[in-house]
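Report on the structure given below.
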Amino acid sequence: MADGTERELRILVSRAAAGDADAWEALYRRAYPRLFAYTRRRLRSDHEADDAVSETMLRALNRIAVFTWQGAGFDAWLYGIARNVVQEAHRHSGRVSSSADPADAETTAAGPMEELVGREQCADVRSAFGRLSPEDQEVLELRVVAGLSADGAGEVLGRRPGAVRMAQSRALGRLRGLFEEVSGAY
């Protein structure tokens, strides 16, 4: 994160900790899309994911007084809370934690042929991703989808940054192999 953005986030978090409702709304709007994507991959429905994000932000609101800027920062702290919320949802429902099929993404291909190939490749990537272990999926989601640093993902997962980078590299290698298997390597 750039220094200016980091400074702005610190100010926003400080204002939110002081009870500024506008700051909390800004933090919620900033975090919601990525937190929703993360929770949606782990829960059965949009409704469950939306509830998980709301619960995550409620817990963050209730615990902001204990948040410190040590470690990987505010985003990693939020993802740690979200991960616990998802795990609790699985325990309460008796499900084993796993990732759902990633949300459909629209292609931006120019013509019909490119659009068809793009859709097939997206479907193949989703299929390959779904065949990864839940651990591989989570590492890739935290690093790629959520955009967390290795430090941030490590804080969420309880691993060292180097171990996260290694796990990411191995997960990408497995994903590449599964994609080739699924797609016939186009």
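Values in this text are rule-based calculations from the coordinates and carry no lab data. Worth saying up front: this structure is predicted, and the values here are computed from it rather than measured. Positions of Cβ are backbone-derived with ideal geometry, glycine not excepted, and every protein chain shown enters the neighbour counts.
Arrange F74, F36 by Cβ neighbour counts within 10 Å, fewest through most, would you?
F36, F74
Using θ = phi - 60° and the Karplus relation 6.51 cos²θ - 1.76 cosθ + 1.60, list the HN-Hα couplings for region 72-84 in order, rounded to whole Hz, with x at every Gly or Pro.
Values, residue by residue: 8, x, 5, 4, 4, 4, 4, 5, x, 5, 4, 4, 5 Hz.
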